[in-house]
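First the structure, in the form of structure tokens, and then the observations on it.
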Amino acid sequence: MSTFTLSGSSPQISVTVANGIDLDEERLMGFRAFRDWRATLTKNLAFQEMNSEHTFHSDPWVLKEIKIHSVTVFATGKIGFMTVEALLRRNQKPNELDRVVFLRGGSVAVLMILRPKDAKNERYVILTEQPRIGACGTSFLEIPAGMLDDSDEVRGKAIEEIQEETGLTIQKEELIDMTKLALEQAQPNEHVQDAMYPSPANLDEFIPLLLWEKELDRKEIEALKGKLTGLRKQDEMITLRVRDYEVLWKEGARDAKTLGAWALYEGLNRAGKIEERLRDIRMGKFEKFNST
């Protein structure tokens, strides 16, 4: 077991690395998921004292130690995942807050909706079916998604994932960030991502939920349905499915990002926000929402 102190930490933060893990401070800080998690946690711990109305303003939590329990290294030599334990302390009881967190970084997911021009009340969604062993499933149904890795370009990464998983090429300006759009109306909170957190207690993953909605001639949609349904991608690991939008809330209920995207779409539709953005897209007014 090895121990070092994080440079520039105040108060000092000790890092303990489990036996068998080859990890120093430089390599640790080179893993973006850890770097971003630590930076965000630092901001929010400071926010306790800055905000007089914060629950822990008078007796704030302080990060004392980080334990590195496991590190997964990809074949490229790049760190892919990491399990850490954060040990926080304060004076009053409860005075210990120790939490194990799985670090993997952000992802992006896209709700893809097709509407026939001759019957705009009809809607179809494109889903992926693939093995998801964490859920113990080999044919798990969800909206297209993928890890952001080291990318800051959410829309660009979404386009890359859509191209990879569906074979469809779309334009960046056609994507609507539903999570960001919904949060424009929310009260400002701590320093967290404008994204959905599927399991915030023990997982750092955040997922911006995007929308791609397109009106097409019925013949084009039928051709796409015929082309996409059952099409396999990525060495036959992903099978594409086209479903009626009206069953999405049922068929996608097991997947947090699918259900979250459906809920955001429904809420934003009721507020008139989706049609407003789609109208902007059709008119070429992209500037005000094309910043991610």
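Quick rundown of the values:
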{"read-out": "Helix-only mean residue ellipticity at 222 nm for the chain, each DSSP H run of n ≥ 4 adding -39500 (n - 2.57), per residue, nearest 500", "value": "-8500 deg cm²/dmol"}
{"read-out": "Proportion of all alpha-carbon pairs of the chain beyond 27 Å (%)", "value": "49 percent"}
{"read-out": "Estimated FRET transfer efficiency when R0 is 25 angstrom, pair residue 186-residue 52 (beta carbons, to 0.05)", "value": "0.75"}
{"read-out": "Cleavage-rule hits, GluC sites (Glu not before Pro), region 26-104, DSSP coil, Cβ neighbours within 10 Å at most 16", "value": "53"}
{"read-out": "Net charge, residue 51 excluded, C-beta distance under 14 Å - Lys, Arg +1, Asp, Glu -1", "value": "-3"}
{"read-out": "Which of 57, 17, 3, positive extreme of dipole for the chain (C-beta unit charges)", "value": "57"}
{"read-out": "Quarter of the Cα convex hull surface for region 2-103, i.e. its orientation-mean projected area (nm²)", "value": "6.7 nm²"}
{"read-out": "Surrounding net charge for residue 7, when Lys and Arg each add one and Asp and Glu each subtract one, Cβ distance under 14 Å", "value": "0"}
{"read-out": "Under 26 Å from the Cα of residue 180 - lysines, other chains or at least 8 residues apart", "value": "43, 120, 157, 172, 214, 250, 257, 273, 285, 288"}
{"read-out": "DSSP-loop chymotrypsin sites (Phe, Trp or Tyr not before Pro) across region 73-157, with at most 16 other Cβ within 10 angstrom", "value": "74"}
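Throughout, read-outs are computed from the coordinates displayed, never taken from laboratory work. The structure displayed is predicted, hence computed values, not measured ones. FYI the Cβ positions are ideal-geometry reconstructions off the backbone, even for glycines, and counts take in every protein chain you see.
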